[in-house]
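Novice: Shown below is the structure under consideration.
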Amino acid sequence: MIEVREVTKRYGTKTVVDKLSFTAKPGQVTGFLGPNGAGKSTTMRMIVGLDAPTSGDVLVNGHSYVQSAAPLQEMGVLLEAKAVHPGRSAVSHLLAMARTNGIPRSRVDEVIGLAGLSSVAHKRVGAFSLGMGQRLGIAAALLGDPAVIMLDEPVNGLDPEGVLWVRNLLAGLAAEGRTVMLSSHLMSEVSLIADHLVIVGRGRLLADTTVAGLATAEGVRVLSGDPANLRNVLGGPGVTITSGGPEELFVAGRTAREIGMAAAHYGIPLFELTPKTASLEEAFMDLTRDAVEYEAAR
């Protein structure tokens, strides 16, 4: 479990993280989201002890991560995939980590195979593509078979097969009861992976919710054999009805259940009821609109 409790981080007069609190729980994939400059990287650095909070507490499994007697077995971390000596091979990089943390050589071979790097295991990391570097970083995070995994942009540079591998890997780790936390700018991917969302802006908590809880209903697409009568039946204060075709209506202000019940009461045939929900990306943009530090001209 990762617990961030009333954490503030200041650099001089600049407050980067401001009284931030959230919990990433076992058995869940927690998506840690926010625009550039939101304080995500600083928060993750504080979780692993690379930066110290100005105030507040950051705990991993109930204590400070820097106090862990076996850090790689407790939490696996990917913050910067390129933070590897380019002259080392994948095997030598992971073996050095394993030997300094009491991890057997067999585990090195295991995570290399898991990450799909067996064919390049003895090649220099400096020649790796961005995607191969990401795979090595994830392999390093899994080296200690940790109960907590925290990854920053884990699918960056991966091809579709690699993205699917990461998605299934993280879902499987959470299903085993592990705590999984990831930061990503790919909203579509987060919506497929995450069970829990923590969204920050300008260092402050904006939302602590789920994908379903964040997305909002925008209306219902209706196909009917009698759209004119249905329009009359559904009309009322706060209801907007537009036509999309000879049999198609788009209704905002009524739920699919309300539409179906009204149509049944008046004997109006329905062929389709499709609720339209705002995507995670749309909901995220609305939520963080006032917290964007760098915005392109339009």
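What follows draws every value from the coordinates through simple rules; no lab data is involved. This one's a predicted model, so the numbers in the text were calculated from it and none came from an experiment. Note that each Cβ is placed from the backbone with ideal geometry, even for glycine, and that neighbours are counted across all protein chains shown.
Novice: Non-local amide H neighbours of residue 10 (under 5 Å, H modeled in plane, Pro and chain starts lacking H): which ones?
Specialist: 16, 54
Novice: Would you indicate which of (1) 45; (2) 41; (3) 23 is the value of percent of Cα pairs over 30 Å apart derived from the coordinates of this structure?
Specialist: This structure yields the entry labelled (1).
Novice: Still on this structure, please answer the following. Could you work out the helix-only [θ] at 222 nm for the chain, with each DSSP H run of four or more residues adding -39,500 (n - 2.57) and the total divided by the number of residues, to the nearest 500 deg cm²/dmol? List each step's numbers first, then the result.
Specialist: On the way: 11 runs with 98 residues, N = 298.
The per-residue figure over the chain is -9000 deg cm²/dmol.
Novice: For residue 219, list long-range residues whose amide hydrogen, built 1.01 Å from N in the peptide plane, is under 5 Å from its own amide hydrogen.
Specialist: When sequence neighbours closer than 5 places are left aside, the close amide H contacts are 276.
Novice: Moving on. Sorted by packing (mean other beta-carbon atoms within 10 Å per residue), highest first, where do 235-244, 82-91 land?
Specialist: Values: 235-244: 11.3, 82-91: 15.1.
So the order, starting with the most tightly packed, is 82-91, 235-244.
Novice: Hey, another quick one. Looking at this model, which pairs from 25/276; 19/276; 19/40; 82/123 are more than 25 angstrom apart at the alpha-carbon? Intermediate results must be reported in sequence, preceding the final value.
Specialist: On the way: 25/276 30 Å; 19/276 35 Å; 19/40 13 Å; 82/123 15 Å.
From the list (25/276; 19/276; 19/40; 82/123), the Cα-Cα distance tops 25 Å for 25/276; 19/276.
Novice: Figure the gain on full extension for residue 55 and residue 164 (residue separation times 0.36 nm, minus the Cα-Cα span) and round it to one decimal in nm. Intermediate results must be reported in sequence, preceding the final value.
Specialist: Numbers: separation 109, 0.36 × 109 = 39.24 nm, distance 3.87 nm.
That works out to 35.4 nm of additional length.
Novice: Enter the Cα centre distance for the pair the stretch 100-151 and the stretch 38-81, rounded to the nearest angstrom.
Specialist: Here the two parts' Cα centres lie 20 Å apart.
Novice: Non-local amide H neighbours of residue 178 (under 5 Å, H modeled in plane, Pro and chain starts lacking H): which ones?
Specialist: Here the answer is 27, since their amide H atoms fall under 5 Å of that of residue 178.
Novice: Tell me, what HN-Hα J-couplings in whole Hz come from the Karplus equation 6.51 cos²θ - 1.76 cosθ + 1.60 at θ = phi - 60° for each residue of the stretch 218-225, using x for Gly and Pro?
Specialist: Whole-Hz 3J(HN,Hα) from phi for the stretch 218-225: 10, x, 9, 8, 10, 10, 9, x.
Novice: What are the ³J(HN,Hα) couplings of the stretch 198-207, residue after residue, when phi is run through the Karplus curve with 6.51, -1.76, 1.60 and θ = phi - 60°? Round to Hz, x for glycine and proline.
Specialist: These are the phi-based 3J(HN,Hα) values: 10, 10, 10, x, 6, x, 10, 6, 9, 7 Hz.
Novice: With +1 on the Cβ of every Lys and Arg and -1 on the Cβ of every Asp and Glu, and nothing else charged, how large is the dipole of the chain about its Cα centre, in debye rounded to the nearest 20?
Specialist: Values: 27 positive and 30 negative charges, 181 e Å.
I would put it at about 860 debye.
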